1. Dipole magnitude of the stretch 60-119 about its Cα centre, charges +1 at Lys/Arg Cβ and -1 at Asp/Glu Cβ only, in debye to the nearest 20?
2. Pull out the extension gain between residue 382 and residue 199, defined as 0.36 nm times the separation in residues minus the alpha carbon to alpha carbon distance; nm, one decimal.
3. Can you give the extra length, in nm with one decimal, that the chain gains between residue 165 and residue 192 once fully stretched, where that is 0.36 nm per residue apart less the Cα-Cα distance?
4. If R0 is 45 Å, what FRET efficiency do you get for residue 25 and residue 249 from their C-beta distance, rounded to 0.05?
5. Starting from the Cα of residue 131, draw a straight line to each of the aspartates and glutamates and keep only those under 17 Å, dropping any in the same chain fewer than 8 residues away.
6. Under 20 Å from a label point 7 Å along Cα→Cβ of residue 331: give me every residue in the stretch 51-75 with its amide N that close.
7. GNM on the chain, C-alpha springs below 10 Å: top fluctuator among 299, 360, 275?
8. In what order, largest first, do 306, 342 sit by accessible area if the probe radius is 1.4 Å?
Amino acid sequence: MSVGIDEISFYTPNYYLDLRTLAEVQQTESEKYYQGIGQEKMSMPAPDEDIVTMAANAAQPLVERVGSGAISTLLFATETGIDQSKAAGIYVHRLLGLNANCRVVELKQACYSATAAIQMACALVTRQPDKQVMVIASDVARYDLDTAGEATQGAGAVAMLISANPRLIEIAPEVGNHTEDVMDFWRPNYRNTALVDGKYSTKVYLKSLKKAWENFVEASSLAFSDFSHFCYHLPFSRMAEKAHKHLAKLNKCGLNPDQLEQQIEDTLYYNRLIGNSYTASMYIGLSSLLENCKQNLAGKRIGFFSYGSGCVAEFFAGTVVVGYEHCLHTLVHKNMLETRQSVSYDEYLSLYRYPDPRDGEHHDIPQGTTGRFRLAAISGHKREYVIC
Ligand code: HMG
């Protein structure tokens, strides 16, 4: 029996800031963003959107297909938590009408935790192959204004169904891990924005790739040449290009730069337009590959490198299943990205600075999202979500 990703769907807010606009205000060349970091736009949530509404929007098509009773567990990965105690997934559980017997838990380790959720989901399904587990990763990437990290913000959620005999990706059990206590990126509880040692973080990312890969080849019989494509964690798309060159060099693979580029380029399209979505970004990259690759990927092996600052990294392998192309949400995703609304720099600032009420009074939140679910109010310190 194989276990893996049966279906994948993502959501990103309908507002975005073009990085050309940011470059103009900062009096920087837009090529620094478009080419230097490989990013074009970054999604900005409306005031009535957060990790819960984005997650519910991403997951709804999956629940509609399998039925709300089919899901035994909901694993919610995020580093944009809205509560120190209550799991954000419980709101999603209600919004999607999931069964009361479905367990829900939230997982955290920076951008890595969605991969931990996937591995745990695979283990649960291996124990009970008739069950399906929903993994959702949802995040808003926020840095301080006028910092180097600002251009690498973004927002998005991805939902995946993990099942036996999956229709998209069979995940192999062998993994390679690397964990190390480092301060490359973190967000203390009292801050809304992340702190980051940017250049150092890119070095730790590359070091962790090497270490996780070395651990992977000890556990698996697979070599670099067994993979046709690679999905990397995508804080910005140039990071994946650097990572892939690094891995290729470590393996003395003999591929030329164009061949190396072909192994990752289809994974990058959506993230260039969305920005960093932390836990969701590698899996939005997987969607981008499956939905944009001209070649039929059936039977091809994909290498996944998941990285979460702090840090935990994991390399694992998945094989694309025959017929996968019939199980994608390509048109919905492309339409969502094409119909978004560009915001001016001032509009971006007001979205960025939208007040975060903390006084316990009743606060109605203005409608801004075009999604199905919204945060309608915060009242008595309680978040009130509604279905539009
Ligand atoms: P910076 O220091 O402003 O940028 O910020 P830079 O000066 O290094 O320039 C970036 C690239 O653009 C360079 O290319 C320049 O040469 C090039 P490189 O040398 O790297 O190949 N450039 C140009 N190219 C064309 N035309 C031009 C031009 N000007 C410059 N005119 C930095 C870059 C990544 C540090 C910053 O954006 C940052 O701090 N970002 C946030 C941290 C981050 O994303 N780190 C990634 C690794 S850690 C990670 O992935 C985890 C994370 O997702 C969090 C989590 O796990 O939860 C972040």
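The values are calculated or read from the model by the stated rules, or taken from the named source; none is laboratory data. Since this is a predicted model, take the numbers as computed values, not measurements. Neighbour counts are summed over all protein chains in view; Cβ atoms, including those assigned to glycine, are modelled from backbone coordinates with ideal geometry. When the accessible area is computed, the model is the full protein with side chains, heavy atoms only, and any ligands, DNA or RNA have been set aside. Shrake-Rupley method; radii C 1.70, N 1.55, O 1.52, S 1.80 Å.
1. 120 debye
2. Numbers: separation 183, 0.36 × 183 = 65.88 nm, distance 3.87 nm.
Gain on stretching residue 382 to residue 199: 62.0 nm.
3. On the way: separation 27, 0.36 × 27 = 9.72 nm, distance 4.07 nm.
The span from residue 165 to residue 192 would gain 5.7 nm if fully extended.
4. Working: r = 37 Å, r/R0 = 0.83.
Efficiency computed from Cβ-Cβ geometry: 0.75.
5. Cross-link targets: 6, 7, 64, 170.
6. Under 20 Å, as judged by backbone N against the label point of residue 331, lie 58-66 of the stretch 51-75.
7. Comparing 299, 360, 275 in a Gaussian network model of the chain, the most mobile one is 360.
8. Numbers: 306 5, 342 60 Å².
Highest to lowest solvent-accessible surface, that is 342, 306.
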